[in-house]
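Below you'll find the structure, written out as structure tokens, and then a few comments.
The values are calculated or read from the model by the stated rules, or taken from the named source; none is laboratory data. Here the structure is a predicted model, which is why all the values come from computation and not from measurement. Here the Cβ positions follow ideal geometry from the backbone for every residue, glycine too, while neighbour counts run over all protein chains shown. In case anyone asks, the SASA skips ligands and DNA or RNA and just uses the protein heavy atoms, side chains included. Shrake-Rupley method; radii C 1.70, N 1.55, O 1.52, S 1.80 Å.
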Amino acid sequence: MRALRRNRLALTGAVIAAVFVIAALFAPLIAPYDPSQPDFGNVLAEPSAAHWLGTDDLGRDQLSRIVHGARASMQVGLVAVVLAFLVGVPLGLLAGYYGRFADTAVSRLTDTMLAFPFLVLAVGLAAILGPSLTNATIAIGISQIPAVIRITRAETLRLKHVDYVAAAVANGGGDGTVLFRHILPNATSALIVQATVGIPAAIIGEALLSFLGLGVQPPDPSLGVMLSGAQSFLAPAPWLAVFPGLAIVAATLAFNLLGDGLRDVLDPRGATR
């Protein structure tokens, strides 16, 4: 923690990420208005004291919709990464530790999924599953599994040859003991960094899927839905696109800065200066 505090960029990213998480958790208390309630007397109102970020074409408060949209982004970002880890970590451990047939099978599955770009795979899976926030979360989580498998497999291949693993095997430790008491705990630092990289990718994925109509469905708020609805009003009301776009940039940049800082702290050999 002391080393992380000395990294100003990482600390800035951590603070901004914490703001988004708090906004997502307490959105009903923070939002000044009902995000889905139209006000036809304030249609396309410019930013003012009453509506800090203006209103949309139905008079809905933009700030309230962004705060509630952050909830959808954080939900997808966190849940999708957890889903990817629940599937990818065991497969990576299996492939790296046992090798041979297990490694071949898992590696070919990973290579097949990696043949498709992340967002293309997420869009395809979401289209198959159907448009909803839950299905978008599942699609993004599945799309992130190959990256988790590769990181876990690489760490397992490196760690299974170190002295303390050999000592555990010599002392009669079984495969479960070696994997979950010696290899996995020592691979945690790399996996934590991968998680902080996966969250912003999931946030962008959710925004894209919602923009295309495959994620959150109107009138529920989402940053991607807000950008999609702003297309017809870019000239008369540019704030409809600017503020949701800035929210996406801030969230993804915050987690990326935090991830870079954690990488420097947890793996000094690969630190960037």
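Quick check on the chain: helices-only [θ] at 222 nm, where DSSP H runs of length 4 and up contribute -39,500 (n - 2.57) each and the sum goes over total residues. Nearest 500, please. Provide the component values of the computation, followed by the final result.
Values: 11 runs with 185 residues, N = 273.
Value at 222 nm, helices only, nearest 500: -22500 deg cm²/dmol.
Once the convex hull of all Cα atoms in the chain is built, its volume per residue stands at 149 Å³. Ordering L58, A251, G99 by the projection of their Cα atoms onto the charge dipole of the chain, which places +1 on the Cβ of Lys and Arg and -1 on the Cβ of Asp and Glu, puts G99 at the extreme positive end. Given R₀ = 25 Å, what would the calculated FRET efficiency be for L58 paired with A18, taking r from the Cβ atoms and rounding to 0.05? Plugging the Cβ-Cβ distance into 1/(1 + (r/R0)^6) gives 0.20. Take every Cα pair under 8 Å whose residues are at least 6 apart in sequence, average their separation, divide by the length of region 155-273, and the relative contact order is 24 percent.
Ligands, DNA and RNA left out, the 1.4 Å accessible surface of the chain is 67% carbon and sulfur atoms. Over all Cα pairs of region 29-100, how is the pair count split among 5 Å bins, expressed in % and running from 0 up to the last occupied bin? Spelled out per bin, shortest first, that is 3, 15, 17, 13, 9, 7, 7, 6, 6, 6, 5, 4, 2, 0.
Looking at the chain, the accessible area is 50 square angstrom per residue; that uses a 1.4 Å probe and ignores ligands, DNA and RNA.
For the pair D39 and L9 in one chain, pulling the backbone fully straight at 0.36 nm per residue adds 6.8 nm over the alpha carbon distance.
Start at zero, step by 10 Å, and the Cα-Cα distances of region 136-273 spread as 11, 28, 25, 18, 11, 5, 1, 0 percent across the bins. When only Cα pairs below 8 angstrom with a gap of at least 6 residues are kept, the chain shows a relative contact order of 26 percent.
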